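The values are calculated or read from the model by the stated rules, or taken from the named source; none is laboratory data. Values in this document were obtained by computation on a predicted structure and should not be read as measured data. Methodologically, a virtual Cβ is constructed for each residue, glycine included, from the backbone with ideal geometry; neighbour enumeration extends over all protein chains shown. Just so you know, the surface numbers come from the protein's heavy atoms only, side chains and all, with ligands and any DNA or RNA stripped out. Shrake-Rupley method; radii C 1.70, N 1.55, O 1.52, S 1.80 Å.
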Amino acid sequence: MKVAIVKYNAGNVYSVVHALKRLGVDPILTDDADLLRSADKVLFPGQGEASQAMGYLRAHGLDDVIRSLQQPVLGICIGQQLMCNHSEEGNTDCLGIFPVDVLRFRPQRHEDKVPHMGWNVVEDADGSRIFDHRYFYFVHSFYVPVCEFTTGVTDYIVPFSASLHKDNFYATQFHPEKSGAVGAEILKDFLAL
């Protein structure tokens, strides 16, 4: 199986590379359109700032490439956010795969810390029992509101989309590669699609 990871202006992609290697997969890290199109699975992970990341994607034609992919695609963290319509971070137009906007967390109480960082529970939103009230690792200051494409929900300040699914596009706000055995299960399930 040929697995590609989108190489773009975002950090933290090497933890995904190492997580896949632990599962016996040797992924390619690339910004080459032909390699991305020919892969069996594509991962779109990262941490970073939305406007800079989208600037890199547009400058390298990767925005159109990602939108056109037909194989299973998994966005992680900022990858999930960039798959949405628009982000409040940098007032940025994104890929528009999921027709929902990304919002900034606005603390309501003293104990509401932003960024949301650490382990939090994910509840299934679609009855699938994929997450089944298990804990995953998050690091983010922006979130995708609950919408018709939400498959997992986490409540931090407000309920938000911990995961999304539409057609061949899947996404998680949490980091499966940093979520231990439960995160490895999510990656295995994606690779088995």
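Results, tabulated for the structure shown:
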| read-out | value |
| --- | --- |
| Residue that is under 21 Å from F190 (Cα atoms), out of contact with any Cys (no Cβ under 9 Å at 6 or more places or on another chain) and not β-branched (V, I, T), where the choices are L62, L29, L103, L82 | L29 |
| Residue satisfying condition, being touching a helix residue (DSSP H, G or I) at 6+ places or on another chain (Cβ under 6 Å) and either hydrophobic (A, V, I, L, M, F, W, C) or more than 28 Å from P27 (Cα to Cα) (or both), within set A192, A171 | A171 |
| Any hit, region 74-81, residues being surrounded by fewer than 16 Cβ atoms within 10 Å (Cβ to Cβ), closer than 26 Å to K178 by Cβ and in contact (Cβ under 8 Å) with a residue 24 or more places away in the chain | no |
| Scope region 1-21; condition surrounded by fewer than 20 Cβ atoms within 10 Å (Cβ to Cβ) and within 20 Å of Q52 (Cβ to Cβ); matching residues | K7, N9, G11, N12, Y14, S15 |
| Residue tally, condition small (G, A, S), more than 18 Å from R37 (Cβ to Cβ) and assigned to a loop (DSSP other than H, G, I, E, B), over region 54-108 | 2 |
| Residues that are open to solvent by less than 10 Å² (accessible area, probe 1.4 Å) and of a type outside the set (A, V, I, L, M, F, W, C), drawn from region 34-48 | P45, G46 |
| Sole residue being more than 18 Å from H175 (Cβ to Cβ), among the hydroxyl-bearing types (S, T, Y) and open to solvent by less than 50 Å² (accessible area, probe 1.4 Å), chosen from S51, S68 | S51 |
| Failed item in (1) touching a residue at least 12 places away in the same chain (Cβ under 8 Å); (2) open to solvent by 30 Å² or more (accessible area, probe 1.4 Å), with H110 passing the rest | (1) |
| Out of N91, N85, sole residue that is modelled with pLDDT of 95 or more, within 16 Å of the chain's Cα centre (by Cα), open to solvent by 10 Å² or more (accessible area, probe 1.4 Å) and among the polar types (S, T, N, Q) | N85 |
| Matching residues in region 113-143 - criterion: being in a loop (DSSP other than H, G, I, E, B), within 12 Å of S179 (Cβ to Cβ) and open to solvent by 50 Å² or more (accessible area, probe 1.4 Å) | none |
| S15 being touching a residue at least 24 places away in the same chain (Cβ under 8 Å), in a helix (DSSP H, G or I), of a type outside the set (D, E) and under 17 Å from I186 (Cα atoms) | yes |
